[in-house]
Amino acid sequence: MSVHTSWKNNCKGYNAIKQFGKWTLEKTNQLELWNYNADTLFSTIEATRVGMQNNRTNYIGTFSDNFWRNPDDYLCRADGEGWTEWRDRLAKKILGLGKAKTSFAIEMLFPLEAQVVCMDTHLFQVYGLNQTK
């Protein structure tokens, strides 16, 4: 859920929302402009007491809608797309997720091939590196 939340609470939050069927909507039941029940997702997140349930409801619900609309857009690089371009595209598409955590996810998916790395801002500062590249 967040780098600012304890491991235990992150696990609690994930376990609460991992059963997508409890907070997503079937196409036939869709009364909203999105494919998730915001009230149910909000209540589920709120009950875990991980905090920031307003943002998390929006971020997780929006990601769910966008991901399930076109999973390949998230899981595969486009033809001719480099690793950093893919990372940057995903970071822009996923609310609340920056380049570092997007890089981390790519590293986990492609541990031997990935040409991006998750680096904290403090590492850039220690080594005097430019964070914009």
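Which of the listed residues, Q115, F67, T5, is farthest toward the dipole's positive end in the chain, when Lys, Arg count +1 and Asp, Glu count -1 at the beta-carbon? Checked the options; the winner is T5. Between the stretch 100-133 and the stretch 9-23, the C-alpha centres lie 27 angstrom from each other. The ranking of C76, C118 by Cβ neighbour count inside 10 Å, starting from the fewest, reads C76, C118.
The list (i) 17.0; (ii) 16.5; (iii) 20.6 gives values of Kirkwood radius over Cα pairs in Å, and only one came from this structure; which label was calculated from it? Entry (ii).
With contributions of -39500 (n - 2.57) from each DSSP H run of at least four residues, the per-residue ellipticity at 222 nm computed over the chain stands at -16000 deg cm²/dmol.
The charge dipole of the chain, taken about its Cα centre with unit charges on the Cβ atoms of Lys, Arg (+1), Asp and Glu (-1) only, comes to about 400 debye. Remark: the stretch 38-43, residue by residue, has Karplus-estimated 3J(HN,Hα) of 4, 5, 5, 4, 4, 4 Hz, where x stands for each Gly or Pro and the curve is 6.51 cos²θ - 1.76 cosθ + 1.60 at θ = phi - 60°.
The numbers here are math on the coordinates, done by the rules we state, and not lab data. Here the structure is a predicted model, which means the values were calculated and not measured. We place every Cβ from the backbone using ideal geometry, glycine too, and count neighbours over all the protein chains shown.
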